[in-house]
Structures are given as structure tokens and as C-alpha cells.
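Worksheet: the structure to be examined is printed underneath.
Since every read-out is calculated from the coordinates, none of them should be taken as a lab result. None of the values given here were measured: they were computed from a predicted structure. With ideal geometry, Cβ positions are generated from the backbone for all residues, glycine too; neighbour counts draw on all protein chains shown.
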């Protein structure tokens, strides 16, 4: 029996209390930069807890707007792509190892900022230089921007992950956001395409991730292979070959057309995107 099969079997044998305790321990350890298990193992445990206890308090803050991604250990890339209508054009972007943040602007002014757990982090976010307090492009009404925040280490002795640095800073509002960076990847309600959305975000004043348009699945696989060849480890998320300068723990494949994205919809994960991580593409 392989490692993955043993992990899944272990998860199925645990009680609700045991699963919840394991998930909480992993959450706490990850937040302080000392992970005790792989992302894949954590996903398996959390998924089993959701299956047997969907109303557990652990999920009380589940995102309504900031959705997680399908992971390629559950749906292989081939399976995901073959179920899409009409063989659509896709984009590939870095899967940034940070914390998801939603920003709300009214008439161009930043008025709200919250995490996937719906926790308000406006004061902290205002201290992050990469987040504009006023959009550079004139707008009326509400604009909601989705993106990823990550932190930079204090020095060479700081071994925490970029995600855990940002998470601790956001949770306790310490160190403000002076060592934090932000990249925007989405506009709520946009019905254009991914390239147009990236351009709009740039004009608003945001840094956006590198984006590759792919017309064939083979192009996605080629980019993923390039990322995999440059992947060092979960503790060292800066890739040596693809998406250099971004802390990544995989790549994300999305449908290019945002009207089709809306048509395909989402449950707890968007049906129009999939995360391809270090455990295989399928």
C-alpha cells in the first residue's frame, strides 16, 4: 500500500473529534511557519472532515466569495479538461503560496478587506504598499478585487513560509504589512476574459501574476512540467524555472472566457479552474 493510500485509509478511520483535532493542529503549525504535514495530507483530512461533519465549527467561516481550488489529487487535469464544453482556451498562472484576500472599493476608495474566513483585516491591509488605498483608474460604485498576500522573511534566519508570515501578521496585526506583498488575480463580476481582467487590474494599480494563454492541453502540461522541474520544496517555494520571483506551490489552470466560467459555476470550488501541484498532473 502506497503513502497516499495509507493517508486516505487513516482519515476514514478517524472520528470527527480526531479529524478536527488533527486539522486544527495542522492549521496552527502552518500559521507559525512549522508545518507538520504536506498540503496533500491536510487536504485529505479536511475533505474527510467535511464529508462526515459538514456543519462542524471548523467550516463556520468557509468563504462565500473567496473559493478554494480543486486540487489535482482529486481530479486529474485530463479528467477536468475532458468534461469542459467545447475544448476551451485556458490560462496558466502561478499558485501563489499566500493567504487569499478580498478588497472592496467604493468610488475608488478602499473600504473593506477580509480573508477567506471572513475576518476583517482592513487596518493591516492599509499598511501594505502593494495595495492601493485609492484605485488609479476612476470608478463609480463598488469594485471587489481578489488576490493573494504573502510575506517576506525578516532575514536569512527566518525560515517561515511566505504564507505563514502573512497569516501571522494578518491575524495579530503585528509588523503591519511592511514586509508583505500582494498580487491581484480576479475582479468580482467580470465577464470579459482573463487577459482583459489582468489589464484592468494593472490599470487600477495592482501587481498581477504572470499569465500564459494556452489553446491546447499539451501547452498546460508543458508549463506544469517546467514548474515541476524548477520546484525545490514546500519550505522553499521560489521556483528556479517558472514564475520566478513568486512564491508558488503549484500552477493554476483556468478557463480563459469568464462568461463560460460563470456558466460552469462553482460549489465549494470553481468548476472552471484546477490547481496542479507537486504530486502529479494526471
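Using the Cβ-Cβ distance between residue 244 and residue 53 with R0 set to 51 Å, the FRET efficiency works out to roughly 0.80. Legend: calculated FRET efficiency, residue 269 to residue 82, from the Cβ-Cβ distance at R0 = 22 Å, rounded to 0.05, equals 0.80. Using the Cβ-Cβ distance between residue 18 and residue 199 with R0 set to 51 Å, the FRET efficiency from 1/(1 + (r/R0)^6) comes to roughly 0.60. In this rough spin-label picture, where each label sits 7 Å from Cα along the Cβ direction, the residue 259-residue 152 distance is 4.2 nm. Using C-alpha pairs under 8 Å with a sequence gap of at least 6, the mean separation divided by the residue count of the range 70-276 gives a relative contact order of 28 percent.
With each label modelled as a point 7 angstrom along the Cα→C-beta vector, the residue 137-residue 25 pair spans 4.8 nm. Put in line by how crowded their Cβ is, counting other Cβ atoms within 10 Å and starting with the fewest, 198, 14 read 14, 198. Note on 267, 169, 127: ascending count of other Cβ atoms within 10 Å places them as 267, 127, 169, the fewest first.
Between residue 212 and residue 106, full extension at 0.36 nm per residue minus the direct alpha carbon distance yields a gain of 35.1 nm. What shape does the range 70-276 have by the C-alpha gyration tensor, where a ≥ b ≥ c are the square roots of the eigenvalues, rounded means a/c under 1.5, and otherwise prolate means a/b greater than b/c and oblate the rest? Oblate, because a/c is 1.5 or more while a/b does not exceed b/c.
For the range 71-152, the relative contact order is 33 percent, taking Cα pairs closer than 8 Å that sit 6 or more residues apart in sequence and dividing their mean separation by the residue count. When each of 121, 208, 89, 16 is scored by the number of other beta-carbon atoms lying within 10 Å, the sequence from fewest to most is 16, 89, 208, 121.
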